[in-house]
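Trainee: Sharing a structure with you now.
The values are calculated or read from the model by the stated rules, or taken from the named source; none is laboratory data. Being a predicted model, the structure only gives us computed values, none of them experimental. Cβ atoms come from the backbone with ideal geometry, glycine included; neighbour counts cover every protein chain shown.
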Amino acid sequence: AQSVTQPDIHITVSEGASLELRCNYSYGATPYLFWYVQSPGQGLQLLLKYFSGDTLVQGIKGFEAEFKRSQSSFNLRKPSVHWSDAAEYFCAVGQGFGNEKLTFGTGTRLTIIP
Amino acid sequence: DGGITQSPKYLFRKEGQNVTLSCEQNLNHDAMYWYRQDPGQGLRLIYYSQIVNDFQKGDIAEGYSVSREKKESFPLTVTSAQKNPTAFYLCASSISGQETQYFGPGTRLLVL
């Protein structure tokens, strides 16, 4: 069975600093990988996704993520965070082949300090 | 605007009561999902449906029931058998055969 690990429960970053959120997955084949963001009391918004091809994926709001098969990782990055980036971030993995079920990590809460 | 709506935003349940959470989408998506979110546990799949009149149990289906009579609607009933229903419930949908899921704004269920 597939699984996702987000090792950091909570990260605090200064506004304007760079950000990297970690995501490790466990799945036998090439996974379908996603990052979602959730503001307090809201639903999830898709930031970016990786299915195949270029391992560096660009998303919305200036985020990018890099798929590294050798490390089973799909870390999310942003070069300069804004106060509005404070939220909870979820990594998810899908099996592909038309199986639409996703497995989510437990999330990383991001706090931005001025 | 196309999207997913969930109602109500807040729902209160009394002991022994069944309550139903609404989820409607106008994205013309075939697949719909219900997740439960608890602090520190991420999202856990309750039920999903890939086509009208068909649905499958997810990882934590006990104490919940669903129906899928219309493509655009996938209501979730939290039954009295669910002993710890307090949580944030999220509905999602996707195009059949595609993994990208789109989420509604959620319903917070509280027990009186």
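Trainee: Considering the stretch B:10-62 alone, what residues qualify as being of a type in the set (G, A, S), closer than 28 Å to A:Q6 by Cα and loosely packed, with under 15 Cβ neighbours inside 10 Å?
Mentor: Of the residues in the stretch B:10-62, the ones of a type in the set (G, A, S) are B:16, B:22, B:31, B:40, B:42, B:49, B:58, B:61.
Narrowing the set further to residues that are closer than 28 Å to A:Q6 by Cα leaves B:31, B:40, B:42, B:49, B:58, B:61.
Across the stretch B:10-62, the qualifying residue is only B:G40.
Trainee: Now for a separate question. Being more than 13 Å from the chain's Cα centre (by Cα) and within 14 Å of another protein chain (Cβ to nearest Cβ) narrows it down to one of A:S39, A:S70, so name that one. Quick ask: steps written out before the conclusion?
Mentor: Working: A:S70 fails: within 14 Å of another protein chain (Cβ to nearest Cβ).
From the options A:S39, A:S70, the qualifying one is A:S39.
Trainee: How many of the residues making up the stretch A:50-60 are modelled with pLDDT under 95 and touching a strand residue (DSSP E or B) at 6+ places or on another chain (Cβ under 7 Å)? Outline the logic, then answer.
Mentor: Filtering the stretch A:50-60 for residues modelled with pLDDT under 95 gives A:50-55.
Of the ones still in play, those that are also touching a strand residue (DSSP E or B) at 6+ places or on another chain (Cβ under 7 Å) are A:50-51, A:55.
Total meeting the criteria: 3.
Trainee: Can you pull out the residues in the stretch A:12-46 that are buried (at least 16 other Cβ atoms within 10 Å of the Cβ) and either β-branched (V, I, T) or more than 16 Å from A:F74 (Cβ to Cβ) (or both)?
Mentor: Within the stretch A:12-46, the subset buried (at least 16 other Cβ atoms within 10 Å of the Cβ) is A:13, A:19, A:21-25, A:27, A:31-38, A:42-44, A:46.
The answer is A:V13, A:V37, A:Q38, A:Q42, A:G43, A:L44.
Trainee: Filter the stretch B:54-78 for residues that are at pLDDT 95 or above and among the polar types (S, T, N, Q) and give the result.
Mentor: The answer is B:S65, B:S67, B:S73, B:T77.
Trainee: Which of the strands (runs of 3 or more DSSP E) found entirely inside the stretch A:27-102 contain at least 2 residues meeting this: without any contact (Cβ under 8 Å) to a residue 24 or more places away in the chain?
Mentor: Working: elements: A:32-38, A:44-50, A:56-58, A:64-68, A:73-78, A:87-96.
By residue number, A:44-50, A:56-58, A:64-68.
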